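Written out below as structure tokens is the structure these notes cover.
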Amino acid sequence: MPYNDEKKKSGSFSRRPPARHMDPYRREERGRGDDERDEGVIEGRNAVLEALKAGRPIDKLYIAKGETDSTLAHIASKARDAGAVVVEADRRKLDAMSLTGSHQGVLAYASVKAYVSVQDILAIAEARGEPPFVIVCDEISDPHNLGAIIRTAEAAGAHGVVIPKRRSAGMTAVIEKTSAGAVEHMAVARVPNVTAALTELKKAGLWVYGTAAGAEKTLWETDLTGPAAVVIGSEGDGMSRLVRENCDFLIGIPMKGEVSSLNASTSAAIVIYETVRQRRGV
């Protein structure tokens, strides 16, 4: 699928059929692991409020369930305005998450970096003069998996990673460690709705390839040389139904052994580097 220079200048790309044609085709939120609790946590009303006032990126804010205190409501409102995910939790959960024992009904996890928009990711590809290559993670809840995917994406030269606000790991210190610092060099967009983000990418001219077990075509049979968004499904259930239905193509990794699937970050690495191989004409 040749790259269209004229389209590149206008910020969109041609979605002509690939040369090797293929037929197109709520989960519970996981708790944070113990290794994540001691990193980037902010506890107490004043501490959280001051962090928000200072513009510190907040990944997720936990508020005591059933509280009618106006200060907590104000903190929750400011956090939402700043793009944070706000979750109500009972006080026993907050007590278990707290490191100080003085959370005062509010506890936040700071993000290690600020998020960007989908358009910012496309602008990076345009600035490099390359067909966009975007990795979309559909509800990857394990921060170690997400960190490994970001590390691979950065090493391979992908232009950005898209994650959902809900049912997904965020940009915490665990992600920074697992990615070996790659998160500092990778644009990450956090979106309210993955299917809407896919629609936005399609309008910009990208083809959407969903990785799925049992897909009729393998990635070896798929042309990945043009503007592409590769969707990686969650660890246990794969892509959600709506995301799957919004993919242009479903592609699979050949499995010769007894196991039926690979770890999400391992699958992502294989697909990402097959895309790199094709784009280099190897």
| message | Quick check on the range 222-237: of everything there that is out of contact with any strand residue (DSSP E or B) (no Cβ under 8 Å at 6 or more places or on another chain) and not polar (S, T, N, Q), which residue is nearest to Ala268 (Cα to Cα)? | response | Glu235
| said: Looking at the range 183-193, can you tell me whether even one residue there is more than 22 Å from Gly129 (Cα to Cα) and basic (Lys, Arg)? | reply: yes
| said: Quick check on my filter: what residues within the range 198-245 are at pLDDT below 90, outside any strand (DSSP E or B) and either under 15 Å from the mean Cα position of the chain (by Cα) or not assigned by TED's automatic domain parsing to the domain that holds Leu146 (or both)? | reply: Gly233, Glu235, Met239, Ser240
| said: Checking the structure you have, find out if any residue of the range 251-264 is touching a Cys at 6+ places or on another chain (Cβ under 8 Å) and more than 24 Å from Lys60 (Cβ to Cβ). | reply: no
| query | Which strands (runs of 3 or more DSSP E) does the range 83-163 wholly contain that include 3 or more residues that are modelled with pLDDT under 95? | reply | 85-89, 106-110
| Does Thr266 fit the bill of being among the hydroxyl-bearing types (Ser, Thr, Tyr) and buried (at least 19 other Cβ atoms within 10 Å of the Cβ)? | no
| message | So for the range 65-73 (the condition being buried (at least 17 other Cβ atoms within 10 Å of the Cβ) and either small (Gly, Ala, Ser) or within 21 Å of Ala189 (Cα to Cα) (or both)), does at least one residue qualify? | response | no
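The values are calculated or read from the model by the stated rules, or taken from the named source; none is laboratory data. Every value quoted in this text rests on a predicted model; they were computed, and no experiment measured them. Please note: Cβ atoms are built from the backbone with ideal geometry, for glycine as well, and neighbour counts cover all protein chains shown.
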